[in-house]
Amino acid sequence: HDHAHHLRVWNLSKRLLQEIADLPQALTPALVEGVLIASLFHDLGMAQSAREDHGRLGRELCQSWFSESGHHPPAEYESILEAIEWHDTKEARIYPGAGTAPGILGILSVADDLEAMGIIGIYRYAEIYLLRGIPLELLATRVLENAEKRIRNLTSSGIFSRVMEEYQQQFEELTGFYLKYKQQWVSVEKPEMVEEGQVGVINYIRKRSLGAKVRPEDLSRNAREERTAPMIQEFCNKLTHELDKERRYS
């Protein structure tokens, strides 16, 4: 959830803005500006707290920046602050309905959801949930519940249907991984010590990313140097590739 995450969310937001360009009066300079600012501030609160209150903290950081920098607040300032504070509240009411032009909060929430799919999402869920103290034995259950809620809210809005078709496979990759994690967890002794399979991948993220502070971009090299199990190396290689691809196409 560093600057690279914020940039990926902004790049996804640009895709969504392109999708609504043909809707009457949907795309305005103020909306684009608002989505950009909200995308770049929305998770800054995690520098102070990884818990659900990080949106409120991000709002306060945004307010402080405009207050102290001398820059005039943008046209949609209140909507920007609202989007930053509530982006992680995955309730259906904040998502754009079919035929409805979305606001800053709607676009930011959808982009943030899409960024939580696929292999990046597998890593991102593990990172944030472990930081929040979710026990390893409950990790898969909590991830699956949250991911299914996100996809249900996303698919209920037909406005981004073309983008959603592209991300269906990434959703299946995310849920497939955590379903296998759940199955492996109950089938082995001392799963917190396992160094292979899906449980091994999460243990590696827990020990290296959270424990040793290895950046996700560096996990591939780290796993190769440590000669980890093939699946862990394969996961880290793919994660590095996807993160690099997002940077190259930003």
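Using helices alone, what [θ] at 222 nm do you get for the chain, with -39,500 (n - 2.57) per DSSP H run of 4 or more residues, divided over all residues and rounded to the nearest 500?
Details: 11 runs with 162 residues, N = 250.
Dividing the helical sum by the residues of the chain leaves -21000 deg cm²/dmol.
Note down the net charge around GLU76, summing +1 for each Lys or Arg and -1 for each Asp or Glu among other residues with Cβ under 11 Å from its Cβ.
Values: positive: none; negative: GLU33, GLU78, GLU82.
Counting the neighbours of GLU76, the net charge comes to -3.
Provide the descending list of Cα extents for the chain along its principal axes, expressed in whole angstroms.
57, 40, 32
Which stretch or stretches of the stretch 1-20 have amide N atoms under 15 Å from the point lying 7 Å from GLU217's Cα along the Cα→Cβ direction?
1-9
Specify the angular offset, from 0 to 90 degrees and rounded to the nearest 10, of the alpha carbon long axis of helix 161-187 from the longest principal axis of the alpha carbons in the chain.
30
With axes computed from alpha carbons, what is the tilt in degrees of helix 118-131 against the longest principal axis of the chain, rounded to the nearest 10 within 0 to 90?
Once rounded, one gets 80 degrees.
Could you tell me the calculated FRET efficiency between THR89 and SER156, based on Cβ-Cβ distance and R0 = 22 angstrom, to the nearest 0.05? The partial results should precede the final answer.
Details: r = 16 Å, r/R0 = 0.72.
With a Förster radius of 22 Å, E is 0.90.
Need one number for the stretch 1-147: average projected area of the convex hull over its C-alpha atoms, nm².
Values: hull surface 35.7 nm².
The orientation-averaged projected area of the Cα hull of the stretch 1-147 comes to 8.9 nm².
Could you name the aspartates and glutamates whose alpha carbon sits less than 16 Å from that of LYS14, not counting residues in the same chain fewer than 8 places away?
Output for LYS14: ASP22, GLU33, ASP112, ASP113, GLU115, GLU166, GLU246.
In the chain, what percent of the accessible surface is made up of carbon and sulfur (1.4 Å probe, ligands and nucleic acids excluded)? Please list the in-between numbers first.
Details: 6200 of 12450 Å².
Reported share for carbon and sulfur atoms: 50 percent.
Work through the residues other than ILE20 whose Cβ is under 13 Å from its Cβ and net out their charges, Lys, Arg +1 and Asp, Glu -1.
Around ILE20, the charge tally is +1.
Relative to the first principal axis of the alpha-carbon coordinates of the chain, what is the inclination of helix 104-114, with its axis defined by its Cα atoms, in degrees from 0 to 90 and to the nearest 10?
It is inclined by approximately 20 degrees.
Under the classification rounded if a/c is under 1.5, otherwise prolate if a/b is larger than b/c and oblate if not, where does the stretch 1-59 fall, given a ≥ b ≥ c as square roots of the Cα gyration tensor eigenvalues?
Numbers: a/c = 3.18, a/b = 2.22, b/c = 1.44.
It is prolate, given that a/c is not under 1.5 and a/b is the larger ratio.
My understanding is that a pair violates if its Cα-Cα distance is over 27 Å; which of LYS90/LYS190; LYS182/LYS245; LYS180/LYS238 do that in this structure?
Details: LYS90/LYS190 34 Å; LYS182/LYS245 29 Å; LYS180/LYS238 18 Å.
The pairs that break the limit, which is 27 Å between Cα atoms, are LYS90/LYS190; LYS182/LYS245.
Based on the alpha carbon coordinates of the stretch 128-233, what radius of gyration and maximum Cα-Cα distance (Dmax) apply, in Å?
According to the Cα coordinates of the stretch 128-233, Rg and Dmax are 15.6, 47 Å.
Within 10 Å of each candidate Cβ there may be at most 15 other Cβ atoms; applying that plus a DSSP loop requirement, which GluC sites (Glu not before Pro) in the stretch 142-214 survive?
Values: sites: GLU145, GLU148, GLU165, GLU166, GLU172, GLU173, GLU189, GLU192, GLU195, GLU196; in loops: GLU189, GLU195, GLU196.
Passing both the DSSP loop test and the Cβ count: GLU189, GLU195.
The values are calculated or read from the model by the stated rules, or taken from the named source; none is laboratory data. Just so you know, these numbers come straight off a predicted model, no measurement behind them. No Cβ is skipped: glycine too gets one built from the backbone with ideal geometry, and neighbour counts run over all protein chains shown. Just so you know, the surface numbers come from the protein's heavy atoms only, side chains and all, with ligands and any DNA or RNA stripped out. Shrake-Rupley method; radii C 1.70, N 1.55, O 1.52, S 1.80 Å.
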